[in-house]
1. Where the centre of each part is set by its Cα atoms, how far does segment B:33-63 sit from segment A:85-113, in angstrom?
2. Are there any GluC sites (Glu not before Pro) in segment B:27-90 that are in a DSSP loop and have at most 12 other Cβ atoms within 10 Å? List them by number.
3. Multiplying the sequence separation of A:E26 and A:S84 by 0.36 nm and subtracting their Cα-Cα distance, what value in nm do you get?
4. What spacing in nm lies between the two simple spin-label points modelled at B:E61 and A:V12, each 7 Å away from Cα in the Cβ direction?
5. Report relative contact order for chain B in percent, whole number only (criteria: Cα-Cα under 8 Å, sequence separation at least 6).
6. So, with a 1.4 angstrom probe, what is the percent of accessible area on the protein assembly as shown that is carbon and sulfur?
7. Just to confirm, what accessible area per residue do you get for the protein assembly as shown at 1.4 Å probe, in whole Å²?
8. Which order do B:Y25, B:Y64 take when ranked by solvent-accessible area (1.4 Å probe, heavy atoms of all protein chains), largest first?
Amino acid sequence: SQTIHQWPATLVQPVGSPLSLECTVEGTSNPNLYWYRQAAGRGLQLLFYSVGIGQISSEVPQNLSASRPQDRQFILSSKKLLLSDSGFYLCASADRGLNQPQHFGDGTRLSIL
Amino acid sequence: AQKITQTQPGMFVQEKEAVTLDCTYDTSDQSYGLFWYKQPSSGEMIFLIYQGSYDEQNATEGRYSLNFQKARKSANLVISASQLGDSAMYFCAMRGVTGNYGQNFVFGPGTRLSVLP
């Protein structure tokens with residue numbers, strides 16, 4: 001089965017600083033990849049998904065961007081963080097097929113000061 | 001558009017009792033998959049159980065079972081013999097074929113389950 005590596009686990013950044021969160025996947029090839037954000041006690045907000053290398057779809061306009069430089073690598077970035085970017089960020093991977101679940105990384109807790 | 005509704009923001013259950021977490025969905029797809037995830041306070045999302053739209057039998061995985069009523073568009077999660085470790089947020093999700101051709105999952109808002117000793 002798939003293993004999703006996501007780091008760092010916790011990050012504290014000042015407003016206006018850049019961001020780079022990395023996610024790598026083991027145990028599959030050519031998966032769909034996803035970035036979600038979750039506010040405390042709330043549901044999942046889909047930020048980006050990718051169906052292949054270099055193919056990124058954005059679900060929510062914001063100051064974040066995503067890239068997929070390799071098949072099993074997904075990166076979430078920002079040039080200048082806002083206070084509203086605070087939250088819990090989850091990377092997920094799913095094989096194609098309606099019966100295939102998403103597998104999640106352990107998440108990154110991002111606090112903007 | 002696809003939508004998942006979980007009407008119970010919070011639920012309490014006594015240890016060793018069974019509990020049902022409600023999930024209703026809205027879709028025009030004929031083929032879709034339904035999933036339940038558990039999110040403990042540590043934050044990781046754990047896949048629990050899957051039900052396909054054409055599956056005639058309800059899915060079961062250990063203490064988890066899915067009460068699938070297709071005509072009512074409901075996919076309730078039943079946890080038998082609750083344990084203290086079952087205390088967590090539970091999310092219902094659906095994967096369909098319209099829109100982004102099955103690339104996206106639609107999640108419900110979640111239900112927070114608290115198991116009482």
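1. 17 Å
2. When the GluC sites (Glu not before Pro) of segment B:27-90 are filtered for loop state and at most 12 Cβ neighbours within 10 Å, B:E56 remain.
3. 17.7 nm
4. Placing both labels 7 Å along Cα→Cβ, they lie 3.6 nm apart.
5. Computed over chain B, the figure is 37 percent.
6. 50 percent
7. The answer is 47 Å² per residue.
8. Descending accessible area places them as B:Y64, B:Y25.
The values are calculated or read from the model by the stated rules, or taken from the named source; none is laboratory data. Not measured: the values here are computed from a predicted model. For neighbour counting, all protein chains shown are included, and Cβ atoms are generated from backbone atoms with ideal geometry for every residue, glycine included. For accessibility, only protein heavy atoms count, side chains too; no ligands or nucleic acids. Shrake-Rupley method; radii C 1.70, N 1.55, O 1.52, S 1.80 Å.
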